[in-house]
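Structure provided below as structure tokens; questions to follow.
Taken together, the values in this text are just the output of simple stated rules run on the coordinates, not laboratory data. Remember, predicted model here, so these are calculated numbers, not experimental data. Positions of Cβ are generated from backbone atoms using ideal geometry, with glycine treated the same way; all protein chains shown enter the neighbour counts.
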Amino acid sequence: MTKKFDLFIIGGGVNGAGIARDACGRGLSVFLADKGKVGSATSSWSSKLIHGGLRYLENYEFRLVRESLKEREIITNIAPTITKPLPFIIPHSKKLRSKFFIRLGLFLYDNLGGKTKIPKSSKIDFTKDYSNILHSKFTLGFKYYDVQVDDKKLVEMNIADAKKRGATIVENTKVLDAKITKDGWCISLENNENINAKILINASGPWINEILDNVIKVKTKKSIRLVRGSHIITKKLYNENVAFTLQNNDKRIVFVIPHKKEFSLIGTTEVDVSTPNNPSISDEEKLYLISTINNHFKKQITKNDILETYSGIRPLIEDYREASKVTRDYIFDLNLNNLNSPLLNIYGGKLTTYRKLSEKVLEELDPYLPIKKSKNWTHSQPL
């Protein structure tokens, strides 16, 4: 008799990996398939931060910031080997955000997440500190803390733990077709396997609507916005173990982050694109990041200083605002056209909130699961 799984997950990024781990820990049977290596797409092309999203406060996304700050604390506790707190320096520019506005934002950032081991923010006098790095026009700034993470390792650790708890994980294997049966789904893989499952979860990130159109063949009213974020890597621009949050005239921010001891990671950009496939940085993006550095740092760089680049696609929920103002929150689209064959599509989300998203997925699906009202557990169990 063919085994029937409780959940079939399309996508082995951080959300798919987190759901697989959480579900297996509740005693559910899980099959996850990814067309590539797990964690090899959007989840590993991030700025490599677990952060509360300081700038989301400008868009009044207090719920998202609170959740992200709480998750920052939890992930630091459950994955100490791949996370570390890092100070971030904001040079103040009179032309952009006011000192009062930044202080208010940092006060909220310090307190919205509740009790934390992360240090509080403070003011900095650049005539005394970091004057060797910044142009002399910057005299005042602020310091706050966020957490650096090995993003790809975070996915791999979730997958490894899910496997240990019984998950079946298949990599480098496309899902070709998903058909509703009388009591669930029959999913066809390109390795000629057919998998039966009660519930289908589409956690394919930027490929979500492509999977809906071509594989599951279910229509949705939800619209996704594909935004390319690109980074450049140079030799380290300074010796201090701090990151910088640089403000641009377009109100966007660019991070400069210590990377692998010898390098600086600079990003990110935000460019609308029409396809999630094969993202790569444009010359305009390179010049944008170079210009940001040169406007702030004494050490000037050119395109010749770029050692490496990478780009990833963020799947944002479409709300027709400029890319920097589009929410990084997530929403679920639960399709119950056939009560025996639930389909859950996951839109949006960010690296920091993957664990909470996974919990909420299982809460959403609870009425349709064989094990009901199971307890949340991933907040306290180390990876």
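Among THR353, THR234, THR76, THR275, rank each residue by its count of other Cβ atoms within 10 Å, from fewest to most, as a rough exposure measure.
Going from least to most buried by this count: THR275, THR76, THR234, THR353.
Another question about this same structure. How far is it, in nm, from the label point at GLU363 to the one at SER282 when both lie 7 Å from their Cα along the line to the Cβ?
4.0
Taking loop as defined by DSSP and a crowding limit of 11 other beta carbons within 10 Å, which trypsin sites (Lys or Arg not before Pro) in the range 115-182 fit?
Answer by residue number: LYS115, LYS117, LYS128, LYS137, LYS182.
Counting alpha carbon pairs within less than 8 Å and at least 6 residues apart, what relative contact order, in whole percent, applies to the chain?
On the way: 789 pairs, mean separation 90.8, N = 383.
Once divided by the residue count of the chain, the mean separation gives 24 percent.
In terms of the Cα gyration tensor, with a ≥ b ≥ c the square roots of its eigenvalues, is the range 241-383 rounded because a/c is under 1.5, prolate because a/b exceeds b/c, or oblate?
prolate
Another question, then. Only sites in a loop by DSSP and with at most 14 other Cβ atoms within 10 Å count here; which chymotrypsin sites (Phe, Trp or Tyr not before Pro) in the range 1-102 make the cut?
Here the sparse-neighbourhood loop sites are TYR60.
Follow-up. Pull up the DSSP beta bridges for the chain and report the antiparallel fraction as a percent, rounded to 5.
75
Give the total of Lys-Lys pairs in the range 1-119 with Cα-Cα distances below 18 Å; include a pair only if its members are 8 or more places apart or on different chains.
For the range 1-119, the number of qualifying lysine pairs is 7.
Could you run the Karplus curve 6.51 cos²θ - 1.76 cosθ + 1.60 with θ = phi - 60° over the range 51-60 and give me ³J(HN,Hα) per residue in whole Hz, x for Gly and Pro?
Using θ = phi - 60°, the values come out as 9, x, x, 3, 6, 5, 4, 4, 9, 6 Hz.
So what's the gap between the Cα centers of the range 252-294 and the range 353-383, to the nearest angstrom?
Cα centroid of the range 252-294 versus Cα centroid of the range 353-383: 34 Å apart.
For the range 226-315, just say rounded, prolate or oblate: build the C-alpha gyration tensor, square-root its eigenvalues into a ≥ b ≥ c, call rounded for a/c under 1.5, and beyond that prolate if a/b exceeds b/c, oblate if not. List each step's numbers first, then the result.
Details: a/c = 1.84, a/b = 1.56, b/c = 1.18.
Prolate is the answer for the range 226-315, as a/c is 1.5 or above and a/b outweighs b/c.
Something else about it: Mind putting a number on the dipole of the chain about its Cα centre? Charges go on the C-beta only, +1 for Lys and Arg and -1 for Asp and Glu, and I need it in Debye to the nearest 20.
Its charge dipole is roughly 1040 debye.
If I stretch the segment between SER374 and LEU334 completely, what's the gain in nm (0.36 nm per residue apart, minus their alpha carbon distance), one decimal?
12.4 nm
Between the DSSP loop rule and a limit of at most 15 other Cβ atoms within 10 Å, which GluC sites (Glu not before Pro) in the range 239-318 are left?
Passing both the DSSP loop test and the Cβ count: GLU240, GLU262, GLU318.
Step through the residues of the range 91-106 one at a time and calculate ³J(HN,Hα) from phi using the Karplus curve (6.51 cos²θ - 1.76 cosθ + 1.60, θ = phi - 60°), rounding each to whole Hz and writing x for Gly and Pro.
Using θ = phi - 60°, the values come out as x, 8, 10, 4, 6, 9, 6, 6, 4, 4, 4, 5, 4, 4, x, 5 Hz.
Right, next: Mind pulling the per residue volume of the convex hull built on the Cα atoms of the chain? Å³ is fine.
Working: hull volume 51.5 nm³, N = 383.
Cα-based convex hull of the chain, divided per residue, equals 135 Å³.
Classify the range 262-314: rounded, prolate or oblate, from the alpha-carbon gyration tensor (a ≥ b ≥ c, eigenvalue square roots; a/c under 1.5 rounded; otherwise prolate if a/b is larger than b/c)? Walk me through the numbers on the way to the answer.
Values: a/c = 2.43, a/b = 1.93, b/c = 1.26.
Cα axes put the range 262-314 in the prolate bin.
Let me ask another. Using R₀ = 25 Å, calculate the FRET efficiency as 1/(1 + (r/R₀)^6) where r is the Cβ-Cβ separation of LYS222 and ASP177; round to 0.05.
Efficiency, from the Cβ-Cβ distance: 0.70.
Among TYR238, TYR145, which comes first, second and so on when ranked by fewest other beta-carbon atoms within 10 Å?
TYR238, TYR145
Suppose a student asked you for the relative contact order of the range 35-141, using Cα pairs under 8 Å spaced at least 6 residues apart; what percent would you report? All intermediate terms of the calculation are to be shown ahead of the outcome.
Details: 71 pairs, mean separation 28.4, N = 107.
With pairs under 8 Å counted, the relative contact order is 27 percent.
What ranking of CYS186, CYS24 emerges when the number of other C-beta atoms within 10 Å of each C-beta is taken as an exposure proxy, fewest first?
CYS186, CYS24
Tell me what the chain gives for mean residue ellipticity at 222 nm when only DSSP H runs of n ≥ 4 count, each as -39,500 (n - 2.57), the sum divided by the residue total, rounded to 500 deg cm²/dmol.
Roughly -7000 deg cm²/dmol at 222 nm, from the helical runs in the chain.
Evaluate the relative contact order of the range 166-302 (contact order divided by residue number), counting alpha-carbon pairs under 8 angstrom at least 6 apart; express in whole percent. Walk me through the numbers before you get to the answer.
On the way: 179 pairs, mean separation 22.8, N = 137.
With pairs under 8 Å counted, the relative contact order is 17 percent.
Using alpha-carbon positions, what is the distance between the centroids of the range 143-192 and the range 1-61, in Å?
The range 143-192 and the range 1-61 have Cα centres spaced 7 Å from each other.
Pull up all non-local amide H partners of GLU190: gap of 5 or more, or a different chain, and H-to-H distance under 5 Å with H placed in the peptide plane.
Amide H neighbours of GLU190: LYS174, LEU176.
Among GLY166, VAL149, ILE195, whose Cα sits farthest toward the positive end of the charge dipole of the chain (+1 at Cβ of Lys/Arg, -1 at Cβ of Asp/Glu, about the Cα centre)?
Final value for the positive-end residue is VAL149.
Could you pull out every residue, at least 5 positions away or on a different chain, whose amide H is within less than 5 Å of the one on LEU96? Hs are placed 1.01 Å off N in the peptide plane, and Pro or chain starts have none.
none
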